[in-house]
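Following: one structure in structure tokens, then a few remarks.
The values are calculated or read from the model by the stated rules, or taken from the named source; none is laboratory data. Everything numeric here is computed off the predicted structure, so don't read it as measured data. When we count neighbours, we look across all protein chains shown, and the Cβ atoms used for this are built from the backbone with ideal geometry, even at glycine.
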Amino acid sequence: MTVVRAALVQTSWTGDKESMILAHENYLREAAAQGGQVICFQELFYGPYFCQVQDAQYYDYAESVPGPTVERFAALAKEHRMVVVLPVYEQEQPGFLYNTAAVIDADGSYLGKYRKHHIPHVNGFWEKFYFRPGNLGFPVFDTAVGKIGVYICYDRHFPEGWRALGLNGAQIVFNPSATSRGLSSYLWQLEQPAAAVANEYFVGAINRVGIEDLGDDDFYGTTYFVDPRGQFVGEVADGHSPELVIRDLDLDVLAEVRNQWAFYRDRRPEAYGDLVQP
């Protein structure tokens with residue numbers, strides 16, 4: 001049996017970047033102490049969810065990837081032998097900004113990054129003010145714990161990327177998010193389990209908690225892992241409080257499910273061409 005002990009972090013805004021980074025360093029250490037082998041943080045983990053407003057001062061949160069924060073967590077990843085999925089605000093060059101997740105292997109090596117593809121621009125989620133659409137495809141990273149993919153927040157509403165990650169070999173897909181109460185709280189426990197079933201892999205869904213200074217959006221947590229049968233792995237996290245979620249994922253289930261439900265065998269890509277036309 002191949003079991004991966006995986007961790008997710010949901011937390012609230014502390015008020016500044018450095019204290020957020022320190023808090024997440026402590027979460028990583030705590031997860032490692034409990035035998036964690038891979039950890040993923042929430043979307044834009046070291047800042048507030050500044051997309052509630054449109055203000056150029058928040059461009060200052062962007063940094064290169066790899067860069068100082070990635071390098072800082074790469075050292076911790078090596079020290080604790082943990083794979084780290086690190087969602088950050090990336091500046092490729094001035095004016096070229098992305099919502100990005102870096103992936104660091106358990107030996108501290110930087111494996112690459114995923115850039116969020118689908119960028120919302122509606123009340124309270126003014127993301128096109130801050131981010132260009134992702135342009136690096138749907139990479140799957142071969143890590144010490146298996147093949148990992150990343151899909152970020154609003155991406156989850158689009159089935160095409162979920163499928164691309166499956167076709168690229170993903171065994172676990174992390175979806176770091178910043179999602180507030182309302183209609184999306186219903187979708188939150190519907191879409192990711194459905195994606196896990198349709199694409200036959202594990203999904204780790206992460207959401208922050210609390211109300212931040214920039215608006216009245218209440219981020220509702222309820223972080224969870226779901227298996228390829230669409231079943232929650234353990235309990236769903238609290239809707240209001242910070243929490244470190246650690247679960248054991250049995251990767252042998254992937255082969256069982258893919259043999260039972262042969263979705264990849266029965267695909268008809270030659271019939272789907274119209275679905276990707278503008």
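Some observations on this one:
- Test: residue in the stretch 21-39 that is in contact with an Asp or Glu (Cβ under 9 Å, 6 or more places away or on another chain) and more than 16 Å from Leu244 (Cβ to Cβ): no
- Spans of strands (runs of 3 or more DSSP E) in the stretch 102-160 with at least 1 residues hydroxyl-bearing (Ser, Thr, Tyr) and more than 16 Å from Cys51 (Cβ to Cβ): 110-115, 140-143
- Residues of the stretch 162-186 classified as modelled with pLDDT of 95 or more, over 16 Å from the mean Cα position of the chain (by Cα) and outside any helix (DSSP H, G or I), total: 2
- The stretch 188-262 holds strands (runs of 3 or more DSSP E) entirely within its bounds, and those carrying 1 or more residues that are farther than 30 Å from Ala33 by Cβ map to 209-211, 218-220.
- Ala74 being surrounded by fewer than 24 Cβ atoms within 10 Å (Cβ to Cβ), small (Gly, Ala, Ser) and assigned to a helix (DSSP H, G or I): yes
- Some residue of the stretch 6-22 being modelled with pLDDT of 95 or more, of a type outside the set (Phe, Trp, Tyr) and touching a His at 6+ places or on another chain (Cβ under 6 Å): no
- Checklist (1) among the polar types (S, T, N, Q); (2) more than 30 Å from Asp16 (Cβ to Cβ); (3) touching a Leu at 6+ places or on another chain (Cβ under 6 Å) applied to Gln192, failing item: (3)
- Test set (1) in a loop (DSSP other than H, G, I, E, B); (2) closer than 26 Å to Arg156 by Cβ - Arg5 fails condition number: (1)
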